[in-house]
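What follows is one structure encoded as structure tokens, with my remarks underneath.
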Amino acid sequence: MPRKEFPGDPRRANVVPYTAASSNDGSLYYIVAFVSSMAALFSKMKWIAWIALYSSMFSAFSDRQSATGSSNSSSRVSTITLALTSLLMTYLPELLAVYSLVRGSTSGAPGAPVKTSAA
């Protein structure tokens, strides 16, 4: 019995086969952001902290929403928070030195007593 051809028949030869979508959901940037945040915290290198912040922001902005609307957004937000923390911790010694100079301390240590002028 010969096969009948119907319009819209998926067995036709000119039907385009299914190919999966590429995985551009930012997961690579998520991993780079997490690893570089931890590296910046341990090594105190500012450029690594800036890479962590850039990667975490790119990972959060390229995140895809699922059909139900739920996303892995809590992990993305925690990665951004970790990147901001690593950036803050790398700049903290300079911030404390500026703060101690503003207060009038000459030693530069954060807990140093404030010099007062004796009149």
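Taken together, the values in this text are just the output of simple stated rules run on the coordinates, not laboratory data. In this text, all values refer to a predicted model and were calculated from it rather than measured experimentally. Cβ: placed from backbone, ideal geometry, glycine included. Neighbour counts: every protein chain shown.
Across the stretch 57-62, rounded Karplus estimates of 3J(HN,Hα) from the backbone phi angles (6.51 cos²θ - 1.76 cosθ + 1.60, θ = phi - 60°) give 5, 5, 5, 6, 7, 9 Hz, Gly and Pro being marked x. Sorting the segments 92-103, 31-42 by their residues' average number of neighbouring beta-carbon atoms within 10 angstrom, most packed first, yields 31-42, 92-103. Extending 7 Å from Cα along the Cβ direction at VAL77 and again at VAL35 yields two label points whose distance is 2.7 nm.
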